[in-house]
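Written out below as structure tokens is the structure these notes cover.
The values are calculated or read from the model by the stated rules, or taken from the named source; none is laboratory data. The structure displayed is predicted, hence computed values, not measured ones. Please note: Cβ atoms are built from the backbone with ideal geometry, for glycine as well, and neighbour counts cover all protein chains shown. All accessible areas refer to the heavy atoms of the entire protein, side chains included, with ligands and DNA or RNA removed. Shrake-Rupley method; radii C 1.70, N 1.55, O 1.52, S 1.80 Å.
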Protein chains: 2
Amino acid sequence: MKVKELPENTLQRLIIYLRVLEYLEREKIDPISSEDLARRCGVNSAQLRKDLSFVGNLGTKGVGYSVKSLKYSLKKFLGRNHEWNLILGGINPLANFLLENSQLFKEGFNFMAVFDTRDEYIGKVYSGLSVYNLSQISYVVRNIRVDIGVITADETPELYLETFLREGIKAILNLSNVPLFSENEKIKIENFSFPFILTKLSYFLKLYEEK
Amino acid sequence: MKVKELPENTLQRLIIYLRVLEYLEREKIDPISSEDLARRCGVNSAQLRKDLSFVGNLGTKGVGYSVKSLKYSLKKFLGRNHEWNLILGGINPLANFLLENSQLFKEGFNFMAVFDTRDEYIGKVYSGLSVYNLSQISYVVRNIRVDIGVITADETPELYLETFLREGIKAILNLSNVPLFSENEKIKIENFSFPFILTKLSYFLKLYEEK
DNA sequence: TAACTACTGTGAAAGTTATCACTAAATGAA
DNA sequence: TTCATTTAGTGATAACTTTCACAGTAGTTA
């Protein structure tokens, strides 16, 4: 399998295009030219057309792109045309926010089970899901397909990672404060934290101060 | 060395290095070689050294890097050696999570004021901050320095953006579902949403399925 | 002191990505 | 029908990023 055929930056932009197309659909704007869509996505039109050429021949010369059908093509290409099953590791306010978030459910990301390592949380119910002991994960996920493991735990996130990978989970969203990596290219880990993204802004502001 | 503009990917990696260094400091690992640090950050050592060369000559040949002093240099370079003032637009569970999040405060990101456009929220108190009407923003921020505007609102995020920019705010974290952009290169907007990052994983999983 | 080892910093090469500039196709007007 | 206009798709090229490979330096040993 060639996981790397699509550049990472192209993937990120395709996701932006999809989200802007969803907005355009709500606004009943259709069709749209590469020039107009690119401007709304903060890129130039040649790049947008090149990016979309990875997905296929999706436009009509002289006209532009049908918002509805381009959105559909992108959803399919990105694997967003069906639902995905998630499990979550580590109860805390962020975990609670994610479990209660109806937007994720609407978009096809469904939490199936919740794990923790701390006795005082085991057995409690969050958003209709009982918290299981992480050490019991094999028994819990035996009969459900798990696509994505979400790590919210601040303490020992690497323990959750190891456990999830041992269970054969291939895709990890790590929301703890320590970035995690795997040498295995059959495993995909996305790291995110709010301080991380705010630091990108703080760097920009610091540059500004210096001028 | 010639002063070149810092590539976006280099910036992102520098932030990763910083967070891993913070972990190493807690683990009392010091000093560390580029080889070892790179492995823990999921990059190769030449890239790590090249990235750090944007910041300065920070290592000692034959020895490696002092964890403590490299951490300090990176914090300073990234503008994380002092505090930043934030305002927030749009009350919802995500806003509430951010306002209650002590980690952000510990890392030097302080929420100073909260805004909304819906009458039923104006005057309510969240995490010790009164919600003000967005249209009154000028009066509220007249006497405080605002560094970063955080948009959590799902409805009319572009109204919050316009208003924040009109107040002279240069750095925006947009957490709504619609990505926002500005032509003005003196403005920096970071877009993030959980469905966005989960879509990166869904694309990876879809490739797997097709194998 | 000199020889040896371990590691950084960096110029050059290799590899990758973005942009340009053109071709081709669809539309609409005369 | 023909012509002008608009816009997608793409090969070539420019720009940028990563990796290689080694010179140079700090520390260590004798």
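A few notes on this one:
- Scanning region A:9-58 for residues that are closer than 25 Å to B:PHE204 by Cα, in contact with a Phe, Trp or Tyr (Cβ under 7 Å, 6 or more places away or on another chain) and more than 14 Å from chain B (Cβ to nearest Cβ) turns up just one, A:LEU58.
- Flag for B:LEU99 being modelled with pLDDT of 95 or more and in contact with a helix residue (DSSP H, G or I) (Cβ under 8 Å, 6 or more places away or on another chain): no
- Test: residue in region A:84-91 that is among the aromatic types (Phe, Trp, Tyr), touching an Asp or Glu at 6+ places or on another chain (Cβ under 6 Å) and modelled with pLDDT of 95 or more: yes
- Comparison of A:ARG142, A:ARG118 shows that the only residue that is over 15 Å from the mean Cα position of the chain (by Cα), over 25 Å from B:GLU27 (Cβ atoms) and among the basic types (Lys, Arg) is A:ARG142.
- In the set B:SER34, B:SER69, B:SER45, B:SER53, only one residue is surrounded by 16 or more Cβ atoms within 10 Å (Cβ to Cβ), modelled with pLDDT of 95 or more and not assigned by TED's automatic domain parsing to the domain that holds B:ASN133; that residue is B:SER34.
- Lone qualifier among A:PHE77, A:PHE105 - being more than 16 Å from DNA strand C (Cβ to nearest atom), more than 9 Å from every other protein chain (Cβ to nearest Cβ) and under 20 Å from the mean Cα position of the chain (by Cα): A:PHE105
- Top-ranked residue of region A:7-36 - restricted to ones that are touching a strand residue (DSSP E or B) at 6+ places or on another chain (Cβ under 7 Å) and hydrophobic (A, V, I, L, M, F, W, C), ranked as nearest to B:ASN177 (Cα to Cα): A:LEU24
- Residues of region A:174-205 classified as touching a residue at least 40 places away in the same chain (Cβ under 8 Å) and crowded, with 19+ Cβ neighbours inside 10 Å, total: 3
- Considering region B:155-173, the residues that are open to solvent by 20 Å² or more (accessible area, probe 1.4 Å) and without any contact (Cβ under 8 Å) to a residue 40 or more places away in the chain include one that is nearest to the other protein chains (Cβ to nearest Cβ), namely B:LYS170.
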